[in-house]
Amino acid sequence: MRHRRRRLGLAFGLVLALSAGCNRENRNLDATGPETLPGLVAVSTLKPGPARGPQPPDPRGAEYEGNAQHIANGQRYYQWFNCSGCHFNGGGGIGPALMDSKWRYGGSMDQIVASIVQGRPNGMPAFGDKIPEQQIWEIAAYVRSLSGEADKLAAPSRAEAMRSTPPINNANPQPQTGDSAAATAGPNG
Amino acid sequence: MSLDAGAPPIALDPERHAALARVWATPRGLWGFLTTVDAKEIGKRYIVTGLVFFVLGGLLAAAMRTQLARPESGLIDPDRYNQIFSMHGTTMMFLFAVPIMEAMAVYLTPLMVGARTMAFPRLNAFSYWIYLAGGVMLYAAFVLNIAPEAGWTAYAPLSGPQFSAGKRSDIWAQLITFTEVAGLAAAVSIAATILKMRAPGMTLARVPLFAWSMLITSFMVIVAMPAVMLASSFLISDRLIGTHFYNAAEGGSPLLYQHLFWFFGHPEVYIIFLPGLGMVSEITATFCRRSVFGYPVMVLALLTTGFLAFGLWVHHMFATGLPRLGDSFYTAASMTIALPAGVQIFCWIATMWDGRPRFGTPMLYVVGFIVTFVLGGLSGVMLASVPLDTQVHDTYFVVAHFHYVLIGGAVFPLLGAIHYWFPKITGRLPSELAGRWAFALIFSGFNLAFFPMHLVGLWGMPRRVYTYSAEMGWGGMNLLSTAGAYVLAAGVAVYLLNLIVAARRGPAAGPNPWGGGGLEWATSSPPPVYNFGMTPVVEGREPLWLGEELPVLDGLDERTREVLLTSVSQAKPTSREGSPDPSIWPFVTTLATSVLFVGSIFDEWWVVWGSLPVTACVIAWFWPKPSHSRQVKRRDSGIPGAIA
Amino acid sequence: MIRPALRMASLSVAALALCGCRGVQTMLDPAGDQARQIDVIWRLMLWVCGAMYLLVLVFLAWALWRARRPPLAAPATGPTPAEPGLERGLAGWAGLIVAGLIVLVTASFLIDRSLAELRPHPLRLKVTAHQWWWQVEYEGARPDQLLTTANQVVLPVGRSAVVELRADDVIHSFWIPNLAGKVDLIPGRTNYVALTPRRTGVFRGQCAEFCGLQHAKMAFDVQVVDPAAFDAWRGRQLAAAAPPVEAQAALGKQTFESKGCVMCHRIQGSEASATVGPDLTHLMSRRHIAAGARPNTRGDLAAWIADPQGTKPGTPMPRVALSSEELNAVVAYLETLK
């Protein structure tokens, strides 16, 4: 009886320890981060002038990227704010594909957020004024999940909509091929 | 009541008792704890674990009531509240109500039918372990902030991949798998015991009403559980690998979920309710010193309820826009099930009317049951009507209804039954004074908590809301409900304390403290590990009330574990069968199965790789041995190396 | 805390005694044909079930009364002298139950049929439920006369309305207890509910199927008005919002169109034309905002915009970064949207 109690206590302690850090399942209903967007973010590996050290990544990237609720919200805003209008369900069309492993302006969280905020040549609007920051981070988290780069456990399998691709949480980064590569080639090649 | 401290009607002399006890004993220490197949050990554990979950579910309810006591209360945020009410429902329905009824049956059935143990003892042990694993998983999830959040019903698409982010609904769905496997395993064991292991002479017409109710319940479990397994498996599949069972845009249907769930869900509540009816019959007969009036009618009523329960499920879906003519069929069926219940109520009251009721604590719970359950049943008749249901569905009126029928119809009988059989299980008497106080607090607290909910439901308060507006005028009734909930909690605390204290320091109980007539009272309190030294022969419905000495049959082997099998209808002895020795395989299989189930929450490949250890365990568990009769023959012919 | 609670408790018990049946969201105060018919079956049920309950209690009380008889020497196992009488009683009781159930089933069926009757030339509405607000559309004679509003249903008294019910995301339930029973809104499925209000007044509807974090705060205002008032309301609602004259409101319009508001909301007569969130063109004609979560006053509006999560944690409406000057301007602009 006594060793049973001790064993239960150990199990309970283990559980408490595990509960310390599970970012995936947090539901932050009132996320109000700093009101500043990430600072200068490198969009390419080419750097003019003397070499400067890399910018430390914004810590919010890690927080949003692996969080299931943020990815789910991002999935919703992706449709609501008409990202699908150009990028479709990630396969691209008018805009480049988001499901593949090719990122013209970088594929880290900071870089995706910067692309959405600042807009990009050849038709990507600048949403910085319009979409509040938290939602941009959530959209970026969802975009990363499209290419299989996010935590698979945090990504949803599908939306409650028609689906033409394999489940998001089983996505693998697809290499770009053929026509779509030519169509989306920009000034940087 | 008589403290009948005399010798039990069936007792062995000390030498035979010691030898037989050695054969049937559970090994000592941790190994014994993990390997036992003794139905009484497993039953006790099952009951205690079920009561622990009852308390946990009750604490969750107390949290909910505290939040709802005032309008616009900021005590609990909506996310946590949604988890709490989902945990409350899931705990009470899957981890308390069904398992504890099966637990009572696991302990009592062999005693009531005159057998030494349950059929399929290792399956029985497995049932407990897998149930415990599921409960531990759910509460670990609660601590880790991944408790289910979509209600105990978890409707798609709210519980689907898009609207329930993370692993919360997967945890819920796998809990279903755990508890449904446990339920099925116990149901098979109980049904086989009642059908094949009854004492000679216990024809179907002499089977105790509790055993009848458990037999029917077991068959209901076997038919109903697969539906919820499908519902939850399709949900996991949608969430994990992107299938479209519930995705309307791709040809699936959210209504499919509801049909599958409620095809299980409605029989589920009768699975919870029917054992309670059996308990009421047993307690009433003993405390009124009269066998229950109308035994054939009672059995028919139980059977009818069991069958009809499968034809009602659409009454949970009257608001979904199904064709109205079809809905009307379910109105008629749902009202029809009031008939067997009403008839049974008459029979119990007739037993009290014609008998000489003594109002010990268990009988108080029977009276409480009648007063409470009938009110709940009548509000159920109201809900059966489609137009009326469209007004009160998903309001607090429904919450009041189902608590009246579940607490009144199942928990009150259960509390009475635990008090009633407590002396048999522990050999000690609980305090009658504390028992009455507990009843008074529980009964009054329950009614104070739940009656006002009928009113706020009629006044428009929907259910599953974490708060409500002050201007709606619901605050007063909600405050009363919260006060009642606290009184109810106090009553439950007194009740449990009474049992805990009595288990250690209560006065010793004889074999038959209440003067009951069933076979369970023919052996000592607590029973010896082998239940009955000699097999009783049954000549009436209450064998101990026939006035003569109880006839017994001797001759079961006393050097191995042997049980007597009898025919299904007339209970004529047919064969002697071996009963398994303690085995570690149920526990190890549980570990392997838990790894499979929990792993498949996270990655579908666990279904494949996880099934390999499970297969290995099951092969080890069922590894063939020579048949029991051959082993006995070998031993008796002195063949070396045969069993000792 | 205790004394006001006790006062509230005793007042509620008194209210219960006086049958606190009046209310804007209660089925006990029917204001429409459908609710009245349901009220009929409710009263029938109450009487029949109440009578049966009373019978059970009387029989139980009688049995408890007889418990004072002297105890028996041995328990009774065989048939007792009272059994034939009890058997007749059982048969009678079973017959009574069957008769009662037949009455109730028949009544329920007949009322259900009458609820399903179609009435000619109903007013047609379309309600689409979202997490956690109601999109309400009224069809008109011409396609350009489609009226879109949110969290608000206005109906002419005496005229039947048929509401087409759809859901955008999860299952919700449309329920105006004073007028009719509830019907679920299920994604992928179109349901219908008929409403025939018979009394003018103000009522409240609420979502009645658990739909997520803010299920508790997904209500809508219902107003039943004279036909003339209804036509006037409709005319006003179809008109676009006039550009604001006053400077602060003009600044507010500019802010609205340049900040995040324009990504989700629509105000006819301005640049904002998104349909993701509620249509705000005639926001000031509504009694509540945020699906019934707050009354529609200046302070509440400012509080809602400044911190939506404070009012409805989990709502998809984000906190848009606005300075206090911008916030006042936006509120001033919204107040011109009558």
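No value in this document is a laboratory result; all are computed from the given coordinates. What you see is a predicted model, and the numbers here were worked out from it, not measured in a lab. Neighbour counts run over all protein chains shown; Cβ positions are idealised from the backbone, glycine included.
Structural remarks
- In a reduced charge model with +1 at each Lys and Arg Cβ and -1 at each Asp and Glu Cβ, the protein assembly as shown shows a dipole moment near 2120 debye about its Cα centre.
- Volume of the Cα convex hull of the protein assembly as shown, divided per residue and given in Å³: 196
- Average beta carbon contacts from partner chains per residue of B:251-257, 10 Å cutoff: 3
- Each of A:ASN169, A:ILE136, A:CYS86 was placed along the dipole of the range A:58-189 (beta-carbon charges, centred on the mean Cα), and the one lying farthest toward the positive end is A:CYS86.
- Here the sum of -39500 (n - 2.57) over DSSP H runs of 4 or more residues, divided by the residues of the protein assembly as shown, equals -17000 deg cm²/dmol at 222 nm, to the nearest 500.
- Shape index of the range B:583-628: Rg/Rh, with Rg the Cα radius of gyration and Rh the Kirkwood radius from the inverse mean 1/r over Cα pairs, equals 1.12.
- Averaging Cα coordinates gives a centre for the range B:369-408 and one for the range B:284-301; these two points are 26 Å apart.
- Alpha carbon centroid spacing (whole Å) that separates the range B:463-494 from the range C:252-329: 34
- Cross-link table B:LYS424/B:LYS572; C:LYS259/C:LYS312; B:LYS196/B:LYS633; C:LYS126/C:LYS182, entries beyond 25 Å C-alpha to C-alpha: B:LYS424/B:LYS572
- Note: relative contact order over chain C, using C-alpha pairs below 8 Å and six or more positions apart, is 15 percent.
- Degrees between helix B:412-426 axis and first principal axis of chain B (Cα, 0 to 90, nearest 10): 30
- By the count of other C-beta atoms within 10 Å, a proxy for reagent exposure, B:ILE584, B:ILE190, C:ILE38, B:ILE171 are ordered fewest to most as B:ILE584, B:ILE171, C:ILE38, B:ILE190.
- Here the contact order of the range C:123-229, divided by its residue count and restricted to Cα pairs under 8 Å and six or more residues apart, works out to 29 percent.
- Relative contact order of chain B: 22 percent, from C-alpha pairs under 8 Å at least 6 residues apart in sequence.
- Counting other Cβ atoms within 10 Å as a rough exposure proxy, the listed residues B:GLU432, B:GLU577 run B:GLU432, B:GLU577 from fewest neighbours to most.
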